[in-house]
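Data block below; observations after.
The values are calculated or read from the model by the stated rules, or taken from the named source; none is laboratory data. In this text the structure is predicted, and so the values were computed from the model without any measurement. Heads up, the Cβs are rebuilt from the backbone with ideal geometry, glycines too, and the neighbour counts pull from every protein chain shown. Quick note on the areas: whole protein, heavy atoms, side chains included, nothing else; ligands and nucleic acids left out. Shrake-Rupley method; radii C 1.70, N 1.55, O 1.52, S 1.80 Å.
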Amino acid sequence: MSIDQYRPELHLTAEVGVLDAPAAVLLDGDTWHVFHQYRPHPEAPARWGHQFSEDTPYEWEECDDVLAPGEEEAKVRAGSVAAIDGGLSLYFTSVAQQQDTHQTTEIHLARIENLSATTADLSEDPLALDPQVRRLGSVVGDDLGADAGITNFRSPCVVPDWVTHEDRDEGHAGWLMLAVTGTMERPDLAMLHSSNGVDWTLQGPLRFEGATGIDPEARIVSPRILRLRDEVDGKIHDVLLVTLESEGIDVSGYLVGRLHQAVFTVGRPFRRMDYGHDFTRPRNTTFTPGTIEEDERFDRAAVVGLLNGVGRLDDPTAHRSLAAEGWANAMSIPRVTTLQGGVLFQTPAAGLVEQITHTRSAQSWTGLCEVPEGSEVVVELIDASDATAARVAHRGGVLELDRSMNPHHAGDAPATAELAEGDSDSLTIIADGSTVEVFADGGAVSMASRVYIEGGCAEIRVTERGEASVERSFARSAGSLDSSRLPDWAEEELDAEF
């Protein structure tokens with residue numbers, strides 16, 4: 001029996017075919033659900049798959065698909081989910097089938113009344129549709145935006161609205177939808193409101209007040225809304241996650257501010273969310289009622305992204321993983337995300353370290369370092385033939401992830417990020433199949449990149465150069481028998497409780 005060497009064991013992938021994007025993530029008690037847009041093979045139309053993992057988001061199991069194109073549809077694309085009236089509402093993009101090359105989009109709604117039933121009595125047919133899913137049809141189309149000249153609604157993000165915008169601690173009432181509109185070449189954003197999640201009214205095109213820091217020529221796509229209480233000022237802020245398409249590259253990041261109706265007042269301009277080669281289209285996580293205590297619901301969020309730096313311009317047939325193992329693209333590990341002084345901090349969700357011990361080849365390393373100017377801590381990922389597959393360098397003020405020495409990534413420029421000054425420098429590296437994720441400065445900086453490591457990561461090798469020193473370190477590897485708890489100093493750097 002052959003074993004896939006490129007497929008990660010902790011990161012979610014499509015069992016077969018191309019993972020186009022995580023569509024929506026849901027945490028229901030201790031069970032994680034991911035609904036993802038995928039294609040069973042590169043020429044197939046996009047549909048929605050469903051996977052779940054109990055207790056920790058690292059042991060994914062396939063469920064029956066939840067959405068597939070109907071007779072009048074070309075494909076169904078990404079959207080979001082919302083826990084409404086005891087069930088789950090799935091908002092998704094329906095792409096209409098046209099005689100010519102022109103395609104139109106609408107936002108459709110489907111319902112799951114019994115979520116737990118979607119993980120039981122599964123079909124052996126990999127393309128079977130879950131009978132628990134009931135499609136209700138279009139809820140937002142061109143007729144809704146006709147008076148405002150807004151068309152082609154797609155990529156919806158649905159979140160609860162506020163009882164009052166003056167005091168957000170009063171809680172929620174009704175629903176907001178942030179959607180992409182316009183053409184693929186010149187997309188716009190629009191806001192909508194609903195009292196029941198079914199009947200929607202247009203609030204208008206999203207307008208920014210204040211400097212966004214976004215290049216006017218960049219295309220804003222895949223928007224998402226987070227609400228987080230800043231640990232510094234104690235206030236609840238809106239965090240707008242966006243992906244910018246520019247010159248064939250996706251750059252994902254966020255703006256911090258305040259959203260009221262169709263106006264986003266910018267408090268902090270655009271900042272990258274991940275500085276690696278391959279992180280795009282971040283998604284927030286929805287929670288069912290009771291999953292989070294009321295007094296903690298804005299303290300933290302869980303965010304995932306697609307590990308593919310060029311997004312929809314990518315050619316999956318060029319992926320080694322597709323040719324060798326029949327799959328392409330992976331989702332990042334869920335990141336527990338907090339807001340501190342207007343900056344997002346991201347830390348791997350709990351359960352990762354122990355789960356690594358149950359894998360065949362995953363590895364992690366966490367260290368607290370002292371790195372004066374002119375010195376560096378270098379961490380090399382070594383493959384089965386004792387060659388360096390990738391190198392991470394912490395130079396005090398700069399973090400670098402270089403994969404160019406790898407024959408599969410020859411010529412790629414290193415990914416770099418500036419680091420904040422501090423008394424000590426933290427660094428966490430996770431190697432899992434063909435994925436590498438790096439977290440530094442306690443999660444203030446993250447990097448995710450695809451790296452084809454021949455034979456898997458055999459060793460994580462650490463070198464101190466100049467006056468740099470590793471004060472403390474902690475490692476986990478596949479097959480380790482020691483699954484004891486993390487040392488106290490490492491708990492905030494790795495394996496965060498949600």
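For the stretch 347-498, what log10 I(q)/I(0) values come out of the Debye formula at q = 0.09, 0.14, 0.19 1/Å, with one point per alpha carbon and no solvent? Rounded to two decimals, the profile gives -0.25, -0.64, -1.19.
Per residue, the solvent-accessible area of the stretch 275-376 (1.4 Å probe, heavy atoms of protein chains only, all protein chains present) comes to 33 Å².
For the stretch 64-211, a simple Cβ point-charge model (Lys and Arg +1, Asp and Glu -1, everything else neutral) yields a dipole of about 260 debye relative to the Cα centre.
Scanning residues 5 or more positions from GLY276 or on other chains, those with amide H under 5 Å from its amide H are ALA448, with H placed 1.01 Å from N in the peptide plane.
Round to a whole angstrom and tell me the spacing of the C-alpha centers of the stretch 382-457 and the stretch 261-330. If you average the Cα positions of each part, the centres end up 19 Å apart.
Packing order of peptides 38-46, 351-359, highest average first: 351-359, 38-46 (average count of other Cβ atoms within 10 Å over each peptide's residues). Determine Rg/Rh for the stretch 200-264; Rg is computed over alpha-carbon atoms and Rh is the Kirkwood hydrodynamic estimate from the same atoms. My calculation puts Rg/Rh at 1.00. Projected onto planes of every orientation and averaged, the convex hull of the alpha-carbon atoms in the stretch 226-360 covers 11.0 nm².
Near ARG450, once Lys and Arg are set to +1 and Asp and Glu to -1 for all other residues with Cβ below 9 Å from its Cβ, the sum equals 0.
Starting from the Cα-Cα distance between ARG472 and ALA384, subtract it from 0.36 nm times their residue separation and give me the gain in nm to one decimal.
This chain segment gains 29.0 nm when fully extended.
Dividing the mean sequence gap of close Cα pairs (under 8 Å, 6+ apart) by how many residues the chain holds gives a relative contact order of 14 percent. Relative contact order, whole percent, for the stretch 94-249 stands at 15, derived from Cα pairs under 8 Å and 6 or more residues apart. A straight line joining the Cα centroids of the stretch 141-206 and the stretch 20-67 runs 25 Å. The Cβ shell under 15 Å around LEU307 holds other residues with a net charge of -1, Lys and Arg each +1, Asp and Glu each -1. Taking each DSSP H run with n ≥ 4 as -39500 (n - 2.57) and averaging over every residue of the chain yields -500 deg cm²/dmol at 222 nm.
Projecting the Cα atoms of VAL438, LEU10, HIS172 onto the charge dipole of the chain, computed from C-beta unit charges around the Cα centre, puts HIS172 farthest toward the positive end.
When peptides 283-292, 463-472 are sorted by average Cβ neighbour count within 10 Å, with the highest value leading, the order is 283-292, 463-472. Computed over the chain, the P(r) tail beyond 32 angstrom holds 39 percent of alpha carbon pairs. Net charge dipole, the chain: roughly 1020 debye, given to the nearest 20, about the Cα centre with Cβ charges of +1 for Lys and Arg and -1 for Asp and Glu. Split the accessible area of the chain by element, probe 1.4 Å, and carbon with sulfur accounts for 45%. Note on the stretch 173-260: with charges restricted to the Cβ of Lys and Arg (+1) and Asp and Glu (-1), its dipole about the Cα centre is near 360 debye. A crude spin-label estimate for the pair ALA324 and GLU170, with each label 7 Å from Cα along the Cβ direction, gives 5.8 nm.
Rg over Rh for the stretch 286-391 works out to 1.03, both radii taken from alpha-carbon positions and Rh defined as the Kirkwood radius.
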